[in-house]
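The values are calculated or read from the model by the stated rules, or taken from the named source; none is laboratory data. Computed from a predicted structure; not experimentally measured. Here Cβ is always computed from backbone atoms with ideal geometry, including for glycine, and neighbour counts include all displayed protein chains.
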Amino acid sequence: MAARAYWQGQIRLALVSIPVEVYPATRSGAAISFRQIHEASGKPVKYEKVAPGVGPVSMDEIVKGYEVSKGNFVLLEDEEIEAVKIESRKTLDLVQFVAADEIDVLYYEKPYFVVPADDLAEEAYVVLREALRKARKVALGQLSVRGREQLVSIKPCGRGLVMEVLRYADEVQKAQGYFRDIGEAKPDKELLDLATTLIDKKTAPFEPDKFHDRYVDALHALIEKKRKAKGKTILEDVSEPAAAGKGNVIDLMAALKKSLDSGDKKAPAKKAPAKKAPARKRA
C-alpha cells in the first residue's frame, strides 16, 4: 500500500494472534490557513519566544512546566517525561466485547482501517470479522503506540475491520450539565406528526459527495479573484436574512405545514381574473 501504516502488529484473541496493519481512514480536509503578513513590507510575521520581564529567550533555555497553581510550575526535563512513556507493544489484546449501541457517540474519536498483514493471516482475520458480525458485538482493547496507550474498538466494515480510537471517560463532558434546564413536557401530537412527516419526506441515502464546505469553496474563489485583481479589495455581496425581533412569535404549526407544502411541486399557474358579468336590469 502507498500509505504509511499507523501501526503494525497482531490482534490477539485468547490464543489466536492475527498479524495486521493499521492505516488512517481519514485525511485532513481542504481547510485554508492564513499567515500573518506585515502590510508595509509584505513579509510574513515570525513569532519570538519571549519571557515577561526577561525578553527574547533561546530554545536551549526552555524547559517544560506544569502549572500546579496560579503562577507556580513544576519543571520537567525531557528525559523525565520520556521515562514514563508507555512502551510501544506489537500486540493488541481484545479484552472485552460490548454491543455497538452501548458506546456513546461522544467517545468515538478517529477511525482506522485494519487489514491482514499477509495471506496467511487472512483466514483468522475473516473468522474474527464474521464472529463479530454474527454476535453483533464490538471488541475493545488498549493499543500502545508512540508513548501513549489508547482505548480502541474493533468492528466489521464491509469486507474488512475498522479500528476506532475512543476517548477516555475523563475526556468526555457530561451532558446533564448542558441539558438540565430543558423541560420534560411532551410535544403536541399534531406538531410531532407534522415534524415526523417532514423527516420522512426528506429521508434519503447518505451520499457524502453531495456535501461540500461552501465557505472553503468561496474562499478559493475569492483568492482567485484577488489574484486576478492584483491586490484590489474585493467585497463579496452576501445578503443576510433579516433577524427576527423578540416580539415576533413563530407559528410552529404554520411553519411545519409550509415546509411540507414547499416540496418539489411547482406552484400552479395563476388564472386570469374572470370578467364580471353585466348587471341584470330589474323588471
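To keep it simple, each residue is scored yes or no on (1) at pLDDT 70 or above; (2) surrounded by 10 or more Cβ atoms within 10 Å (Cβ to Cβ).
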position	(1), (2)
D181	yes, no
L192	yes, yes
P205	yes, no
K210	yes, no
R214	yes, no
K230	yes, no
I250	no, no
S262	yes, no
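Inside segment 189-233, can you point out the residues that are assigned to a loop (DSSP other than H, G, I, E, B) and either closer than 16 Å to S259 by Cβ or hydrophobic (A, V, I, L, M, F, W, C) (or both)?
Within segment 189-233, the subset assigned to a loop (DSSP other than H, G, I, E, B) is 202-207, 211-213, 229-233.
Passing the criteria: K202, T203, A204, F206, F211, A229.
Within segment 48-97, work out how many residues are assigned to a loop (DSSP other than H, G, I, E, B), closer than 30 Å to A14 by Cα and either over 34 Å from the mean Cα position of the chain (by Cα) or not hydrophobic (A, V, I, L, M, F, W, C) (or both). Full working, then the answer.
The initial filter retains those residues of segment 48-97 that are assigned to a loop (DSSP other than H, G, I, E, B), namely 48-49, 52-54, 57-58, 62-63, 70-71, 77, 84-90, 94-95.
Retained after the next criterion (residues that are closer than 30 Å to A14 by Cα): 84-90, 94-95.
Then keep just the ones that are either over 34 Å from the mean Cα position of the chain (by Cα) or not hydrophobic (A, V, I, L, M, F, W, C) (or both); that gives 85, 87-90.
Matching residues across segment 48-97 total 5.
Does any residue of segment 109-124 turn out to be loosely packed, with under 13 Cβ neighbours inside 10 Å, touching a residue at least 40 places away in the same chain (Cβ under 8 Å) and touching a strand residue (DSSP E or B) at 6+ places or on another chain (Cβ under 6 Å)?
Checked segment 109-124: no residue is loosely packed, with under 13 Cβ neighbours inside 10 Å, touching a residue at least 40 places away in the same chain (Cβ under 8 Å) and touching a strand residue (DSSP E or B) at 6+ places or on another chain (Cβ under 6 Å).
Could you please find all residues in segment 42-85 being closer than 30 Å to S144 by Cα, of a type in the set (G, A, S) and surrounded by 10 or more Cβ atoms within 10 Å (Cβ to Cβ)?
G65
Check K155 against each of (1) without any contact (Cβ under 8 Å) to a residue 12 or more places away in the chain; (2) in a strand (DSSP E or B) and name the one condition it does not meet.
Condition not satisfied by K155: (1).
How many of the residues in segment 19-37 are without any contact (Cβ under 8 Å) to a residue 40 or more places away in the chain and surrounded by 10 or more Cβ atoms within 10 Å (Cβ to Cβ)?
The first filter runs over segment 19-37 and keeps only residues without any contact (Cβ under 8 Å) to a residue 40 or more places away in the chain, leaving 27-28, 33-37.
Cutting the leftovers down to surrounded by 10 or more Cβ atoms within 10 Å (Cβ to Cβ) gives us 37.
Residues in segment 19-37 being without any contact (Cβ under 8 Å) to a residue 40 or more places away in the chain and surrounded by 10 or more Cβ atoms within 10 Å (Cβ to Cβ): 1 in total.
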